[in-house]
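Data block below; observations after.
The values are calculated or read from the model by the stated rules, or taken from the named source; none is laboratory data. On a predicted model such as this, the values are computed, not experimentally measured, just so you know. Heads up, the Cβs are rebuilt from the backbone with ideal geometry, glycines too, and the neighbour counts pull from every protein chain shown. Quick note on the areas: whole protein, heavy atoms, side chains included, nothing else; ligands and nucleic acids left out. Shrake-Rupley method; radii C 1.70, N 1.55, O 1.52, S 1.80 Å.
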Amino acid sequence: MSSVIPDTAQTGSGQARHPLTADTAPAAVRLSDAVASIEGRPVLRGIDLTVQPGEVVALLGANGSGKSTTVKTVIGSVPLERGGLELFGSPYAKFKDWHRIGYVPQRTTAAGGVPATVREVVSTGRLPQHRLLPFRRKDREAVDRALDAVGMLDRAEDGVANLSGGQHQRVLIARALVGTPDLLIMDEPMAGVDMASQQILAGTLRHEVGRGAAVLLVLHELGPLEPLIDRAVVLRDGRVTHDGPPPKGAGQHAAPGHEPDSLAHQGCHPHADDDHLTTPRLLA
Amino acid sequence: MIEMLNYDFMQRALIAAVLVGITAPAVGVYLVQRRQALMGDGIGHVALTGVGLGFLFQTSPIWMAVLVCVLGAIVMELVRSRGKQRGDIALAMLFYGGMACGKLLVSMSAQAGSGSLESYLWGSILTVSPSDLTTIAVLGIAVIAITIGLRRQLFAICQDEEFARVTGIPVRVLNLLLAVTAAVTVTVAMRVVGLLLVSALMVVPVAAAQQLTRSFAATQAAAIALGITVAVAGVAGSYQADVPSGPAIVLLAIAIFAVFSAIAAPLARRRHRAAAEHEVHEVHEVHEVHEVALPTQSSHKQSGHKQGDHSRSADARSGHKHSDQTQEGSERTPGREPSANGARKSDPIASTGLAQ
């Protein structure tokens, strides 16, 4: 009997895991006093958020607290009205190394109007590498590796419209992994994902963290990813209410004898009215 | 049938038909993917103002239409990308304004009442002049180069614009390029299909092709093949039956769509059945992971939390290779190849479950 969890679990901070890079390399993400609004409605009211290289940071909070908007300001799809954003030490406006970032958007059920295969969708993640050049063999191999990592290689030629929610999420993650990013940004990766896929996603993420990638995750609750999280940032009404170790209960493990399904509820539940679509099912 | 090739005007009309058959679906596939299938229709309306200006100033209606369409398409793209709440109203103003302005300009021009406006609206094989053909060829080749050459980039922005932005490709420029390309395609196609039906040749071949295809690349290729077929057959039919070419082409395309839909229905049923079988495998997979997930969680509780214990976990991995493989075997769906290094590194939770 043993546990594989320790090598990726609570090491306290990214520095502990990556002593060589952390002291010298600039932060993967440095968002300071970020203010942003969507359609005139203020959503972020001064957010500070830093993700060090190799660090795994979870963004928690209720619906409407600004989690997703924070992530969207980091990737630049929601403009900042005030405050600063640096990616890998460069101000956003000067940042060019997009190949260092892998983005997994919140999964939507809206499909495109034209069929597309799993391979075609994942291949778009390779655009920062081949740019205007033809798609070459090494690009194809990278796509194969990413699909293999999420267990979808055998579905590569299937249409994305025919996938289940969990399979679709795995495809979106493969698309982000195909360029071997230094920073993975994921918006609710576990939402609406079946159990088998949750396990695969947790394993994939563990591997990416082991490789040294930093991760910024938007989560409803820590759930099965809990052992990976170095730090949690809890938002409420567009402000940071907690920045530190995962909230009480979330970072600890249940005492022996607890029912397995109670473990899921140890995850962070800042707001009880949030929907519990995902993790309870994992252990139920 | 063959003797039609003896006429210069038919040769020109057929060459134009081939170019239109390629370009309209090649652009249309991106518009359909982004659920902007009716954008071509809007540009067609706006193009009428360009034709009217051409009539009024006695210059080439095609080039004036290119100019006006490109401006109109850029406005449409800006409205779309800003996501304005009243964007659809703005577009309605643009479309109807363009159409009304066009008719007004034509009626003010010297050629008013000559019936040539009719040929721009519905397409005419008699009116493709040698200089028109040159214009169509130049513009058509540019459209083909963009839509085929930048397929991966354009696919990315139409498939998931936000993700495309994070890959660092110039999404804004590509969006404008796609809008301009669509505008140019409308003007390329207007002589053959007519402004009122130009959008149909952008959309219907794509809709027909995707009844039978699974990939984007195959859809685009099949739509182009269908586009060429219906455009050439429609122009030939227009010569034989003495009807306007636009309606002939469009009705033919719709007929092919109907046939393909009829073929696709049983095919889709079979695919659904295959997918359902796959789901059964997935359920098995779920079940097995489920069984091993529980002991993992409890073992990990009872063992206490060994923080940062790298060597221990490494031992656990290498020492339990056998169980790892068992897990792999039971979890894989039939026919799935093992990964290159043979290890299922992505699933340590499940492997420790058996390792204890």
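Overview of values
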quantity	calculated
Which listed residue is of a type in the set (Gly, Ala, Ser), within 21 Å of the chain's Cα centre (by Cα) and at positive phi, from A:GLY76, A:GLY102, A:GLY125	A:GLY76
Yes/no for B:LEU121 being more than 22 Å from B:ALA182 (Cα to Cα) and touching a Gly at 6+ places or on another chain (Cβ under 6 Å)	no
Qualifying residue in the range A:80-94 (condition: open to solvent by less than 60 Å² (accessible area, probe 1.4 Å) and either within 10 Å of chain B (Cβ to nearest Cβ) or in contact with a Cys (Cβ under 8 Å, 6 or more places away or on another chain) (or both))	no
Counted residues, the range A:112-156 - those being more than 7 Å from chain B (Cβ to nearest Cβ), assigned to a loop (DSSP other than H, G, I, E, B) and surrounded by fewer than 20 Cβ atoms within 10 Å (Cβ to Cβ)	6
Some residue of the range B:200-211 being part of a helix (DSSP H, G or I), closer than 21 Å to B:ASP132 by Cα and within 14 Å of chain A (Cβ to nearest Cβ)	yes
Tally, over the range A:161-201, of residues that are at pLDDT 90 or above and hydrophobic (A, V, I, L, M, F, W, C)	11
Close pairs (7 angstrom Cβ cut-off, 6 or more residues apart or separate chains): over 18 Å from A:LEU59 (Cβ atoms) and open to solvent by less than 10 Å² (accessible area, probe 1.4 Å) in the range A:188-199, among the basic types (Lys, Arg) and in a helix (DSSP H, G or I) anywhere	A:SER197/A:ARG170
Lone qualifier among A:GLY76, A:GLY54 - being among the small types (Gly, Ala, Ser), without any contact (Cβ under 8 Å) to a residue 24 or more places away in the chain, within 14 Å of chain B (Cβ to nearest Cβ) and open to solvent by less than 30 Å² (accessible area, probe 1.4 Å)	A:GLY76
Qualifying residues in the range A:200-231 (those that are part of a loop (DSSP other than H, G, I, E, B) and open to solvent by 10 Å² or more (accessible area, probe 1.4 Å)) - the one farthest from A:HIS242 (Cα to Cα)	A:GLY212
